Structure formats: structure tokens, C-alpha cells
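Asker: Sharing a structure with you now.
We did not get these values from a lab; they are worked out from the coordinates using the rules stated. Predicted model only: the values in this text are computed from it and were never measured. Reconstructed Cβ throughout: ideal geometry from the backbone, glycine too, with neighbour counts over all protein chains shown.
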Ligand code: UDP
Ligand code: MG
């Protein structure tokens, strides 16, 4: 099979028939073999009944229904597990992404041997309250992930080589960072394709302002997990030792200073009268706690079933 389309949806009943007809037209025009995997993320607007009807007309459609709403990442993850095509393409169900982009994405993955192509909604039809935070969010993600060639991490329209989606796991709200997850998993050929962005025709957006706060926290976790999950002590231990040594050094110095003053018969300040002493004390305690955290994290990761899980590229 050439292409698997993975489409998460939550309350998009009105858009679905138009979307499926359009996809079928594009696929038939290019004579691609394909499947459309529709993941109903616990909709309550009758989306599932629409999917059942659509499947009667088009056997290429597979429907998966969640009993409740788990979020876009969960839906994508289940879709990725089910996908069988050589190239897996994700898109939103709200008709904001155009199925006409599929052939270009497919061709580029195959011809340029890419791992992932992320869509770039260069010209957007969203309110300014969304576009400005989005710019900021993308800039921070670029800096932290080192993927400097992407402008738009969160675009729903993306194409992957099958191997990529089978090697990564998306959970929480991590769908915003799939390129970052793919990079951490060792897939380096990540490119971008300018895609058309259309205004939402039916229904409303499913993410409010909380997307920015949650998005930022997710970025921190993903960065930490990617870099240190296999060796947490290196992170906590380094900070802890530095903090402890700083506090210890300052305390020794304060005491030495006092002893020197006494031995010279000069006036001296009590160690406990000096603000610096209390700062040093805090640094020692914090340092020790960081060290202990590292120790516990190390024990946790020793017991993790993931501890010896590596991405293996090729074997001969
Ligand atoms: N979506 C989903 N589960 C959710 C929220 C959204 O599957 O809990 C789907 C939604 O139906 C759409 C896609 O994710 O197909 C993108 O959502 P939306 O268009 O609301 O996001 P926006 O375009 O505003 O970023
Ligand atoms: Mg949308």
C-alpha cells in the first residue's frame, strides 16, 4: 500500500463527508493504493455514525472509536499503530488542510528519501491572538530542539516514512513536537513543505489558550526526557554537586575569615550574623536534595522497561 492517511477527529461530523470525497478523488487521480484511518476521539456529535455511513461507500476507510476523549496525541498514536502504507500522512479533519497536498508530500518522501516532512502554513487564516503566540512557540522549539529548518512544528499536515511512525510514541499533548520526538529517535532527514491553510469551514477549534501553557511544559519534559531519561543523575547530580560545593565553600570561607580576624586580634562578625551564611546554608540543602532526586530518578530509570530500548537502524 502506498499511503496511509491518519486523521484524528473530535466532533467534526459536518466536515467528514466532504473530506473523504476529496481524499478519494485525489487518490484515484494519482492511482495510489491507500487507506483512510479515521480515529474518532470520543466525539458526541454523531461523527461515528457518519464514519459508519462513509465506510459503506468506501472500503478504504477504517474507523477507530475511542470511548471517551483522550486528545489528539492519543488518537495519532493509535492511528500510527494501525497504519500500513509506505508513507503515512496525518491531517486534521476540519478541512483546514487540503488533500491536494498529498501527492507532493508522498513524492518528496520517496524521491528525497526523507524521514519526515512537516507542513508549513505560511499564510494563515487564524486570528492574531493565535498567530503571534504560535510564532514565539515555534522559535523556542527551534532553539531547544536544534531543528532549525522548521517554521511550523504544530501543523497537522505531516508525512512520514512508515518506519518513523512505528518507532515513536506520542502521548499527552506531544503531537506538537513530533519532529522533535522523531529527531530524538534518530531520524534526521526532516524537511518542510509550504502548504495551503484554509479557514475552518464547519465547527470550532478544539484547543483554547491552554495550548500555549501546556505546550511549553511539554517542551520542557520532552527536552528533559530526550536528553537525560537514561542518565538522570548526570543532570541532578551535576546541579546538586555544584550547589553543595558553592554552599560548603562559602561556609568554610566565612569561618576561616572569622578565625583569622580572631587570631590577629581584630574585631570580627559572628558567622550567624552574615546573610551570606544563610544563602550558603540554603545552597547546601538544595544541593543535597538535588543529589538525592538524581539518586531516586536513577533507581526509577533502572526499573523502567524502557531502560534498554534503543532505536536500531540497520543490521546486516
Ligand atoms: N482533535 C482530536 N482530539 C481532540 C482535539 C482535537 O482528535 O481532543 C482533532 C480535531 O478534530 C482536528 C485536529 O485534531 O481534526 C486539530 O484540531 P483543531 O482544528 O481544533 O485545532 P487547530 O486547527 O485550532 O489548531
Ligand atoms: Mg483546525
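Asker: Which ordering of 30, 309 is given by a fewest-first count of other beta-carbon atoms within 10 Å?
Answerer: Working: 30 14, 309 9.
Ascending Cβ contact count within 10 Å gives the list 309, 30.
Asker: Per DSSP helix of 4 or more residues, -39500 (n - 2.57); summed, then divided by the residues of the chain. What does that give at 222 nm, rounded to the nearest 500?
Answerer: -16500 deg cm²/dmol
Asker: Okay, next question. Can you tell me how the stretch 25-82 classifies by the Cα gyration tensor, rounded, prolate or oblate, using a/c under 1.5 as the rounded cut? Intermediate results must be reported in sequence, preceding the final value.
Answerer: Details: a/c = 2.82, a/b = 1.53, b/c = 1.84.
Verdict is oblate for the stretch 25-82.
Asker: Please label the shape of the stretch 86-237 as rounded, prolate or oblate, based on the square roots a ≥ b ≥ c of the eigenvalues of the alpha-carbon gyration tensor (a/c under 1.5 means rounded; beyond that, a/b larger than b/c means prolate, else oblate).
Answerer: Here the stretch 86-237 falls in the oblate category.
Asker: Compute the separation of the alpha-carbon centres of the stretch 139-162 and the stretch 87-134 and state it in Å as a whole number.
Answerer: Comparing the Cα centres of the stretch 139-162 and the stretch 87-134, I get a distance of 11 Å.
Asker: Here is a further query. Among 122, 183, 56, 258, which comes first, then next, by fewest other beta-carbon atoms within 10 Å?
Answerer: Numbers: 122 12, 183 19, 56 8, 258 15.
With the fewest neighbours first, 122, 183, 56, 258 line up as 56, 122, 258, 183.
Asker: So what is Rg over Rh here for the stretch 189-316, counting just Cα atoms and using Kirkwood for Rh?
Answerer: 1.27
Asker: Relative to the longest principal axis of the C-alpha atoms of the chain, give the angle of the C-alpha long axis of helix 210-228, reported between 0 and 90° and rounded to the nearest 10°.
Answerer: 70
Asker: Would you mind getting me the FRET efficiency between residue 112 and residue 53? Use the beta-carbon distance for r and R0 = 30 Å, nearest 0.05.
Answerer: Efficiency for this residue pair is about 0.20.
Asker: In terms of the Cα gyration tensor, with a ≥ b ≥ c the square roots of its eigenvalues, is the chain rounded because a/c is under 1.5, prolate because a/b exceeds b/c, or oblate? Please list the in-between numbers first.
Answerer: On the way: a/c = 2.92, a/b = 2.51, b/c = 1.17.
Since a/c reaches 1.5 and a/b is larger than b/c, the shape of the chain is classed as prolate.
Asker: Angle, helix 128-145 long axis vs. longest principal axis of the chain, Cα atoms, 0 to 90°, nearest 10?
Answerer: 60
Asker: Where does helix 72-82 land angle-wise versus the long Cα axis of the chain, in degrees 0 to 90, nearest 10?
Answerer: 60
Asker: If neighbour count is taken as other Cβ atoms inside 10 Å, put 166, 121 in order from fewest to most.
Answerer: Result, fewest neighbours first: 166, 121.
Asker: Rounded to the nearest 0.05, what FRET efficiency do residue 262 and residue 285 have when you use their Cβ-Cβ distance and R0 = 35 Å?
Answerer: 0.80
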